[in-house]
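Undergrad: To start, I am sharing the structure in question, which I have written as structure tokens.
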Amino acid sequence: MTDTLTPVLTANWGDKAPWKIAEYEKQGGYDALRKALTMTQDEVMNAVKDSGLRGRGGAGFPTGMKWSFVPQSNPNPKYLVVNGDESEPGTCKDIPLMMATPHTLVEGVIIASYAIRAHHAFIYIRGEVLHVHRRMQQAVRDAYAKGYLGKNILGSGYDLDVVVHAGAGAYICGEETALLDSLEGRRGQPRLRPPFPAVAGLYASPTVVNNVESIASVPSIIANGPAWFASMGTEKSKGYGIYSLSGHVTNPGQYEAPLGITLRELIKLAGGMRNGHELKFFTPGGSSTQILTKEHLDLPLDFDSVAAAGSLLGTRALQIFDETTSVVRTTLRWIEFYKHESCGKCTPCREGNWWLVQMLKKFEAGHASEGDLDKMLDVASNIGGRSFCALADGAVACLQSAVKEFRSEFEAGTHTPAWELFPYEKSALFAASERTAVAASHTSLSTSEAGEGAEEDAKVTAPPPLLNARDADEVVVAEAEAAGDIPTQLNEVFEPKTNDEGGRA
């Protein structure tokens with residue numbers, strides 16, 4: 001490894017309006033495209049291969065090799081699809097990247113499409129992040145206006161059209177075949193493979209599906225050369241990556257560093273653990289990866305080292321938890337997410353995650369029986385590896401590793417509630433009084449608009465003491481809803497208010 005931080009994708013995030021095409025061009029934007037268009041498609045593909053770039057979406061498959069699987073002898077159109085459906089709990093790298101520097105992704109899309117001889121590309125974005133969708137749409141429009149997209153790009157004779165597509169907000173659509181079904185207008189569910197997307201993907205045609213960060217890394221490889229990229233990282237995990245740190249650290253955020261940096265180094269860069277606390281456990285790649293503990297503080301965070309430790313690097317979503325955190329409660333929250341997001345196609349995942357939630361609730365409440373722990377692990381073993389996609393595998397990975405590392409906490413669930421062992425207010429980053437103050441200030445704004453006399457009716461009080469304090473947030477929200485303070489319809493949020501004359505208020 002070389003430097004501690006290697007800002008490439010994030011280099012201009014702090015600049016004024018880095019999302020604008022003029023600002024991007026000032027920083028050398030689209031110069032890599034010009035260079036790529038002077039190369040043959042195979043030369044571009046080989047440069048990416050030689051760089052050692054591995055997929056940044058979780059699996060870590062070599063990007064250039066994936067491109068080479070597209071059969072050029074197939075007469076059907078070739079497609080590039082960018083997976084921007086960032087939904088993994090703890091992951092926050094692709095969305096800020098698209099918000100801050102959308103043209104980095106657009107330039108990467110053009111170069112990658114050129115390399116695989118595609119003339120149509122799609123950027124699939126999670127539907128709820130409307131602001132990101134709009135920003136990417138504007139970036140694509142600007143690229144068309146400048147001649148970087150459309151017919152005869154920069155006089156090269158190469159044509160490419162790009163579509164920015166908003167999904168309906170399903171975690172399952174982060175799985176590439178479910179994403180393709182969604183893109184085709186069907187319900188997002190994983191497909192049986194083979195055939196693989198490279199042979200029969202979008203519209204039954206050869207398709208490459210890559211993560212946002214993977215494609216956004218391509219312009220720097222072309223501009224600086226594969227040797228430059230390969231000089232960073234480790235022997236088998238080349239280059240740089242964006243690590244997302246969240247949870248009990250002083251300064252959570254995105255840290256771009258060479259692959260192989262350790263968690264100890266990243267926590268130091270983030271200002272350390274929150275004052276007076278120490279690391280208990282963390283996820284190296286989001287909630288669908290096996291949890292690791294403080295024993296792994298000096299583990300190199302690269303694909304092979306993390307795999308050797310029994311987990312996955314995944315999306316480098318580092319959720320950091322200190323000693324005040326209940327592992328039982330945390331695991332329940334994760335499994336509740338997977339239960340909700342299961343597409344329902346596979347019975348083990350659909351039914352199994354529901355049963356895991358019921359059992360974990362018993363452990364959290366201290367009502368589990370002797371033998372329930374082994375029964376829960378048995379249920380988990382019948383979920384993993386028995387579904388079409390990796391959602392089920394990810395769900396049981398966090399549970400099985402949590403029991404492996406902290407079995408005593410689950411055993412305590414036969415007699416003591418988790419909130420007594422680990423009072424939830426101690427692990428909260430914000431005190432309940434602070435949350436109530438935020439809700440109250442919001443109510444104050446609303447009632448001031450409603451006029452005199454509305455304050456008492458819309459008052460939001462602090463939640464009463466609860467046996468299970470994890471419901472405190474829901475109480476605050478429920479009381480705010482009762483006061484009429486929280487909009488119940490989506491259009492109340494997005495539709496502008498008008499005055500009596502019909503203009504904007």
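Undergrad: Give the residue that is modelled with the highest pLDDT, with candidates limited to residues of region 352-409 that are within 25 Å of the chain's Cα centre (by Cα) and hydroxyl-bearing (Ser, Thr, Tyr).
TA: So, considering only residues that are within 25 Å of the chain's Cα centre (by Cα) and hydroxyl-bearing (Ser, Thr, Tyr), the one modelled with the highest pLDDT is Ser401.
Undergrad: Restricted to region 234-271, and to residues that are among the small types (Gly, Ala, Ser) and in a strand (DSSP E or B), which residue is surrounded by the fewest Cβ atoms within 10 Å (Cβ to Cβ)?
TA: Gly253
Undergrad: With in contact (Cβ under 8 Å) with a residue 40 or more places away in the chain and either in contact with a Lys or Arg (Cβ under 8 Å, 6 or more places away or on another chain) or in the same structural domain as Pro417 (by TED's automatic domain parsing) (or both) as the only criterion, which of Thr347, Thr331 stands out?
TA: Thr331
Undergrad: Go through region 262-282 and give me each residue that's under 12 Å from Leu5 (Cβ atoms), more than 20 Å from the chain's Cα centre (by Cα) and among the aliphatic types (A, V, I, L, M).
TA: Answer for region 262-282, where residues must be under 12 Å from Leu5 (Cβ atoms), more than 20 Å from the chain's Cα centre (by Cα) and among the aliphatic types (A, V, I, L, M): just Leu269.
Results for (1) free of Cβ contacts under 8 Å to residues at least 24 places away in the same chain; (2) assigned to a strand (DSSP E or B); (3) of a type in the set (Phe, Trp, Tyr); (4) within 21 Å of Ser87 (Cα to Cα), shown as yes or no for each residue.
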residue: Ala121; (1), (2), (3), (4): no, yes, no, no
residue: Glu128; (1), (2), (3), (4): no, no, no, yes
residue: His131; (1), (2), (3), (4): no, no, no, yes
residue: Arg135; (1), (2), (3), (4): no, no, no, yes
residue: Ala139; (1), (2), (3), (4): no, no, no, no
residue: Ala143; (1), (2), (3), (4): no, no, no, no
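Undergrad: So which residues in region 392-413 are touching a helix residue (DSSP H, G or I) at 6+ places or on another chain (Cβ under 6 Å) and within 20 Å of Glu176 (Cα to Cα), if there are any at all?
TA: Listed by number, the residues that qualify are Ala392, Ala395.
Undergrad: Give me the helices (runs of 4 or more DSSP H) completely within region 12-102, filtered to those with at least 3 residues that are touching a Pro at 6+ places or on another chain (Cβ under 7 Å), of a type in the set (Lys, Arg) and outside the structural domain of Ala139 (by TED's automatic domain parsing), ordered by residue number.
TA: none
Undergrad: Among the numbered criteria (1) assigned to a helix (DSSP H, G or I); (2) buried (at least 23 other Cβ atoms within 10 Å of the Cβ); (3) of a type outside the set (Ser, Thr, Tyr), which single criterion is violated by His340?
TA: (2)
Undergrad: Another question, if that's okay. Lys345 - would you say it is part of a helix (DSSP H, G or I) and either closer than 20 Å to Trp419 by Cβ or of a type in the set (D, E, K, R) (or both)? Can you show your working first?
TA: Values: part of a helix (DSSP H, G or I): no; either closer than 20 Å to Trp419 by Cβ or of a type in the set (D, E, K, R) (or both): yes.
For Lys345, the condition - part of a helix (DSSP H, G or I) and either closer than 20 Å to Trp419 by Cβ or of a type in the set (D, E, K, R) (or both) - is not met.
Undergrad: May I ask you to verify whether Phe61 is aromatic (Phe, Trp, Tyr), surrounded by fewer than 21 Cβ atoms within 10 Å (Cβ to Cβ) and closer than 24 Å to Ser231 by Cα?
TA: Yes: the conditions hold for Phe61.
Undergrad: Exactly one condition in (1) more than 27 Å from Glu341 (Cβ to Cβ); (2) in contact with a strand residue (DSSP E or B) (Cβ under 6 Å, 6 or more places away or on another chain); (3) surrounded by fewer than 16 Cβ atoms within 10 Å (Cβ to Cβ) is false for Ala230; which is it?
TA: It is condition (3) that Ala230 fails.
Undergrad: Quick one: is Asp298 in contact (Cβ under 8 Å) with a residue 60 or more places away in the chain, farther than 16 Å from Val396 by Cβ and of a type in the set (D, E, K, R)?
TA: no
Undergrad: Can you say whether Thr2 is part of a loop (DSSP other than H, G, I, E, B), surrounded by fewer than 17 Cβ atoms within 10 Å (Cβ to Cβ) and either touching a strand residue (DSSP E or B) at 6+ places or on another chain (Cβ under 9 Å) or at pLDDT 95 or above (or both), as far as the supplied structure shows?
TA: yes
Undergrad: Consider Val82 carefully, then state whether it is under 14 Å from the mean Cα position of the chain (by Cα), β-branched (Val, Ile, Thr), under 19 Å from Leu180 (Cα atoms) and modelled with pLDDT of 95 or more. Before the answer, list the steps.
TA: Working: under 14 Å from the mean Cα position of the chain (by Cα): yes; β-branched (Val, Ile, Thr): yes; under 19 Å from Leu180 (Cα atoms): yes; modelled with pLDDT of 95 or more: yes.
Here the answer is yes, as Val82 does meet what is asked.
Undergrad: Regarding Thr315, is this residue under 22 Å from Ala402 (Cβ atoms) and either assigned by TED's automatic domain parsing to the domain that holds Asn211 or not aliphatic (A, V, I, L, M) (or both)?
TA: yes
Undergrad: Then there's this: With the structure loaded, tell me whether Arg316 is in contact (Cβ under 8 Å) with a residue 40 or more places away in the chain and buried (at least 23 other Cβ atoms within 10 Å of the Cβ) or whether it fails that test.
TA: Values: in contact (Cβ under 8 Å) with a residue 40 or more places away in the chain: yes; buried (at least 23 other Cβ atoms within 10 Å of the Cβ): yes.
So Arg316 fits the description; yes.
Undergrad: Filter region 152-172 down to the residues that are assigned to a loop (DSSP other than H, G, I, E, B), out of contact with any Phe, Trp or Tyr (no Cβ under 9 Å at 6 or more places or on another chain) and at pLDDT 95 or above and list them by number.
TA: Just the residues of region 152-172 that are assigned to a loop (DSSP other than H, G, I, E, B), to begin with: 152, 156-159, 167-170.
Within this subset, residues satisfying the condition of being out of contact with any Phe, Trp or Tyr (no Cβ under 9 Å at 6 or more places or on another chain) are 157, 159, 168-170.
Listed by number, the residues that qualify are Gly157, Asp159.
Undergrad: Being touching a Cys at 6+ places or on another chain (Cβ under 6 Å) and either surrounded by fewer than 18 Cβ atoms within 10 Å (Cβ to Cβ) or within 20 Å of Ala397 (Cα to Cα) (or both) is the requirement here; does Ser287 meet it?
TA: Details: touching a Cys at 6+ places or on another chain (Cβ under 6 Å): yes; either surrounded by fewer than 18 Cβ atoms within 10 Å (Cβ to Cβ) or within 20 Å of Ala397 (Cα to Cα) (or both): yes.
In short, yes.
The values are calculated or read from the model by the stated rules, or taken from the named source; none is laboratory data. Since we're looking at a predicted model, the values are computed, not measured. In this analysis, Cβ positions are derived from the backbone assuming ideal geometry, glycine residues included, and neighbour counts consider all displayed protein chains.
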